[in-house]
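The values are calculated or read from the model by the stated rules, or taken from the named source; none is laboratory data. Nothing here was measured: the structure is a model prediction, and the numbers come from that model. Quick reminder, even Gly has a Cβ in these numbers, built from the backbone with ideal geometry, and neighbours come from all protein chains shown. With ligands, DNA and RNA removed, areas are computed over all heavy atoms of the protein, side chains included. Shrake-Rupley method; radii C 1.70, N 1.55, O 1.52, S 1.80 Å.
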Amino acid sequence: MRYVFLALALMAAPALAQDQTYRDPSLGFSIAYPAGWTVDAHYARDLSPPIHGVAFTVPASFTAGTNLGSDTRLSVEHVAGPCSASRFLDAAVDEHSVTEDGRTWSVATASDAGAGNRYEETVHAVARGETCFGIHTFIHYAAIENFDPGTVRAFDRAALGNIFDRMRRSFAD
């Protein structure tokens with residue numbers, strides 16, 4: 001019976017079996033991402049100074065019929081110098097350290113809202129030499145209560161979080 005539940009749990013988990021691998025030869029990192037996601041290798045965040053990286057954006061099939069914004073993404077960003085997750089966010093809160101699989105991350109979050117939209121960001125930062133890498137998740141969604149009942153369903157936050165976590169864990173520097 002235990003094996004049946006395990007098999008069902010594995011079937012229900014968002015599969016990354018058909019992962020693609022993005023490799024950045026100049027910065028020497030790789031990361032796995034789900035097939036069908038859009039890759040922007042020239043991604044830059046509009047901060048002063050800009051923060052550059054590569055972004056992986058959810059496909060339309062993931063947002064269709066939901067309140068999830070089409071600009072929801074995970075990006076791998078990089079800056080030179082001291083490594084802190086707060087360097088990748090405008091208004092970081094709750095910065096702390098987390099150790100997973102022998103790697104210690106600086107983690108910070110930020111959120112914002114306006115005109116019925118919600119924005120949630122989390123950055124996991126890790127240093128390699130003089131480079132600080134930030135694995136930055138950006139979730140944009142509309143407030144579900146702004147829709148007529150039954151017209152739009154709430155996006156699957158757990159599934160999206162699992163995908164983002166699995167992508168981050170695949171990051172190899």
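Quick look at the numbers
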item: Pair list, Cβ < 8 Å and 6+ apart or interchain, from the stretch 28-46 residues that are under 15 Å from THR137 (Cβ atoms) and modelled with pLDDT of 95 or more to residues that are surrounded by fewer than 13 Cβ atoms within 10 Å (Cβ to Cβ) and small (Gly, Ala, Ser); result: ILE31/ALA172
item: Entirely in the stretch 36-122, the strands (runs of 3 or more DSSP E) that have 2 or more residues that are under 18 Å from ALA172 (Cα atoms) and open to solvent by less than 20 Å² (accessible area, probe 1.4 Å); result: 51-57, 73-80, 103-114
item: Residue under evaluation PHE164, criteria (1) farther than 20 Å from PHE62 by Cα; (2) open to solvent by less than 20 Å² (accessible area, probe 1.4 Å), criterion not met; result: (1)
item: Residue within the stretch 111-118 that is over 18 Å from the mean Cα position of the chain (by Cα) and charged (D, E, K, R) present; result: no
